[in-house]
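Below: the structure, in structure tokens.
The values are calculated or read from the model by the stated rules, or taken from the named source; none is laboratory data. This one's a predicted model, so the numbers in the text were calculated from it and none came from an experiment. Here the Cβ positions follow ideal geometry from the backbone for every residue, glycine too, while neighbour counts run over all protein chains shown. Each accessible area value is taken on the protein alone, full model and side chains, heavy atoms only, with ligands, DNA and RNA left out. Shrake-Rupley method; radii C 1.70, N 1.55, O 1.52, S 1.80 Å.
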Amino acid sequence: MNTRADVLVVGSGAGGGRVALDLARAGAQVVVLEAGPHWDARQLPLPEVEMLARMYWNAGLELSTDASIIFTRGRGVGGSTMVNQALLDQFDEDVFARWRDVSGVPLFTTGQMAPWYAHALRDLQVATIGPARFNGNSAQVARAFSQHGMAWHGLRRGEGPECQTADCMRCLGGCPHESKQSSAVTTLREASRRGVVVHAGWTVQRLVERGAAVDVEALGPEGPRTWQAGLVVLAAGSLGTPQVLWRSGWKRELPRLGEGFTCHPQFLTGAVLPVRVDAHRGAFQGVASSDPRYLARGYKFESNFVPPIVFHTLFQQRPGHDLAERYRRMVGVEICLRDLSPGRLRLDRGGRLRVERSLSAEERARWREATGVLRECYTQLGATEMIFSPKAFSVHPMGGCAMGTDTDCGVVDPGFRVFGHPRVAVCDGSLFPAAPGRNPSLTIMALAGAAADQLRKAA
Ligand SMILES: Cc1cc2nc3c(=O)[nH]c(=O)nc-3n(C[C@H](O)[C@H](O)[C@H](O)COP(=O)(O)OP(=O)(O)OC[C@H]3O[C@@H](n4cnc5c(N)ncnc54)[C@H](O)[C@@H]3O)c2cc1C
């Protein structure tokens, strides 16, 4: 195995796939190390327990230190894009103005970012789900939102034509049709045609700088191994990248490392209607609120419905069999909060990650407020029963290595390099200087495109 590369990318998700492809297109010899396995679309695990255990870090059950939030991230070639719902949002000036305020970085404007969004979208198949494709759940939720006078829109997804006819609802366990636009079937597939090698099953432990190269120490199926690269790009996600930097011993010089961690706490809700809904069939998700009244309060709603195992984990206060009987008459909506109280990441003495993120009193108040809005919506639909998960979960870990103009506010400079370590760059969700309150993956891809451009020019 060749252990030398011009560029070594750590992680193969939204950011890693994009940066690997763009640097290969620019002529670099690129290697990607990914901790999880490569998944063959024909052999994806189907039982839910197996799917969670094998395709997610810690079986999809990583907890904050006070156990108030469950974190879920994908593990395998494609990263979280392999298991995500592929909703693609573009941030508006409201988000970028907040980012500029905290980071001072001039890239964060809709105008500067527009070409990078376009660049990311060029390699994706995209469809917007309109009323003609709404499944039973989205149709009921759209009706309830309209009756409530709430502005809503159909969701934009990264999906190929098979998603438009398939009735599989298997996004959370990987796409058996290779239709969902994960980086495994988009950027990384094209990257491998251009000579990029992805080594699956290798977990990077730490980096050691040696003159004009960086040693990358990893543990894999054949034991420990060290790679050498002229440039290392960390794209291991918000829970992975800070851990590698911390283990490399750089926390002392990077005071913001692990700080500003955000996660969009989400809460599932459901209601039993007098009619059959069959939320488990058709297009997975279809509708999101876009009502400025609620966005200004820091929350939004999205139609959602999850597999029974997740359902029973989150709605833990209800006897499972009782609800299962009414499963086909249930509608589901998730509440998504924009963080008001960022948390922080730490390493314990054993090098394990600790996520210190509690729900603040104000965040709990917003959650109760959002719950009240949904109660009214469900009542308008004639619900005979409503359930609200008390447990928050997060599929959007962000921050921890924020971009900023100096080490007082950031870990990564506006050129995407770690302060004081010009041979190490970051290209993933850990760059976010604040929570956007929108689906993050498209912006991570866009930023990774901008990063590749800057890294290429500076090489
Ligand atoms: C169930 C679910 C649903 C979601 N739905 C949506 C959605 O609809 N829309 C949206 O925008 N976002 C969604 N997200 C979030 C989105 O997928 C992520 O924000 C995005 O993929 C993060 O990109 P990233 O590059 O930062 O990290 P990831 O895509 O998570 O990639 C990081 C990769 O690094 C690997 N890694 C970690 N540590 C190491 C290490 N030490 N060595 C080697 N490899 C390592 C991981 O295994 C992973 O493959 C969802 C996420 C989940 C889990």
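Of His177, His264, which has the most accessible area with a 1.4 Å probe, and how do the rest follow in descending order?
Heavy-atom accessible area, descending, gives His177, His264.
Could you tell me which of rounded, prolate or oblate describes region 197-268, using a ≥ b ≥ c as the square roots of the eigenvalues of the alpha-carbon gyration tensor, with rounded for a/c under 1.5 and, failing that, prolate when a/b is larger than b/c and oblate otherwise? The partial results should precede the final answer.
Values: a/c = 2.47, a/b = 1.39, b/c = 1.78.
It is oblate, given that a/c is not under 1.5 and a/b is not larger than b/c.
Pull up all non-local amide H partners of Val198: gap of 5 or more, or a different chain, and H-to-H distance under 5 Å with H placed in the peptide plane.
Hits under the 5 Å cutoff: Val32.
Take the alpha-carbon centre of region 377-441, take the same for region 110-160, and report the distance between them in whole Å.
Value for the Cα centre distance between the two parts: 20 Å.
Between Glu209 and Ser192, 0.36 nm times their residue separation minus their Cα-Cα distance comes to what?
3.4 nm
Note down the nm distance, to one decimal, between modelled labels 7 Å out along Cα→Cβ at Glu376 and at Arg143.
2.0 nm
Evaluate the charge dipole of the chain about its Cα centre and quote only its size in Debye, nearest 20, assuming +1 on the Cβ of each Lys and Arg and -1 on the Cβ of each Asp and Glu.
Here the chain has a charge dipole of around 220 debye.
For the Cα atoms of the chain, what angle does the longest principal axis make with the long axis of helix 93-103, in degrees from 0 to 90, nearest 10?
The helix 93-103 is inclined about 40 degrees to the chain.
For a test of the definition: using alpha carbon positions, the gyration tensor, and the 1.5 limit on a/c, classify the chain as rounded, prolate or oblate. It would help to have the intermediate numbers written out before the result.
Values: a/c = 1.73, a/b = 1.57, b/c = 1.10.
In terms of gyration-tensor shape, prolate.
For region 198-234, which GluC sites (Glu not before Pro) are both in a DSSP coil and crowded by at most 12 other Cβ atoms within 10 Å? Present the calculation step by step, with values, prior to reporting the outcome.
Details: sites: Glu209, Glu217, Glu222; in loops: Glu222.
Listed in order of number, the matching sites are Glu222.
Please say if region 1-99 is rounded, prolate or oblate, where rounded means a/c under 1.5 for a ≥ b ≥ c the square roots of the C-alpha gyration tensor eigenvalues, and otherwise the choice is prolate for a/b larger than b/c and oblate otherwise?
oblate
Could you compute the net charge surrounding Asp408? Neighbours are other residues with a C-beta less than 13 Å from the C-beta of Asp408; K and R count +1, D and E count -1.
-3
Using 0.36 nm per residue of separation minus the Cα-Cα distance, give me the extension gain between Asp408 and Arg276 in nm, one decimal.
The Asp408-Arg276 span can extend by a further 42.0 nm.
Amide H of Ala392 versus every other amide H placed in the peptide plane: which residues, excluding those fewer than 5 positions away on the same chain, fall under 5 Å?
Correct list: Ile70.
Along the Cα-to-Cβ line of Val102, 7 Å from the Cα, sits a label point; which residues in region 438-457 have backbone N less than 20 Å from it?
438-448, by backbone N distance to the label point.
Given points 7 Å out from each Cα along the Cα-Cβ axis, report the Leu347 to His38 separation in nanometres with one decimal.
Simple spin-label model gives 3.0 nm for this pair.
For region 154-216, report the accessible area per residue in Å² (1.4 Å probe, heavy atoms, rounded to an integer).
Accessible surface, normalised per residue, equals 41 Å².
Rounded to a whole number, what % of the accessible area of region 93-208 do carbon and sulfur atoms account for, probe 1.4 Å?
Heavy-atom surface of region 93-208 belonging to carbon and sulfur, 1.4 Å probe: 52 percent.
Quick check for you: with a 1.4 Å probe and neighbouring chains kept, what is the accessible area per residue of region 1-112, in Å²? Write down the numbers at each step before the final one.
Details: 4360 Å² over 112 residues.
Accessible area per residue, region 1-112: 39 Å².
Placing +1 on the Cβ of each Lys and Arg and -1 on the Cβ of each Asp and Glu in region 113-213, which of His119, Ser182, Val204 has its Cα farthest towards the positive end of the resulting dipole?
Going by the charge dipole, the pick is Val204.
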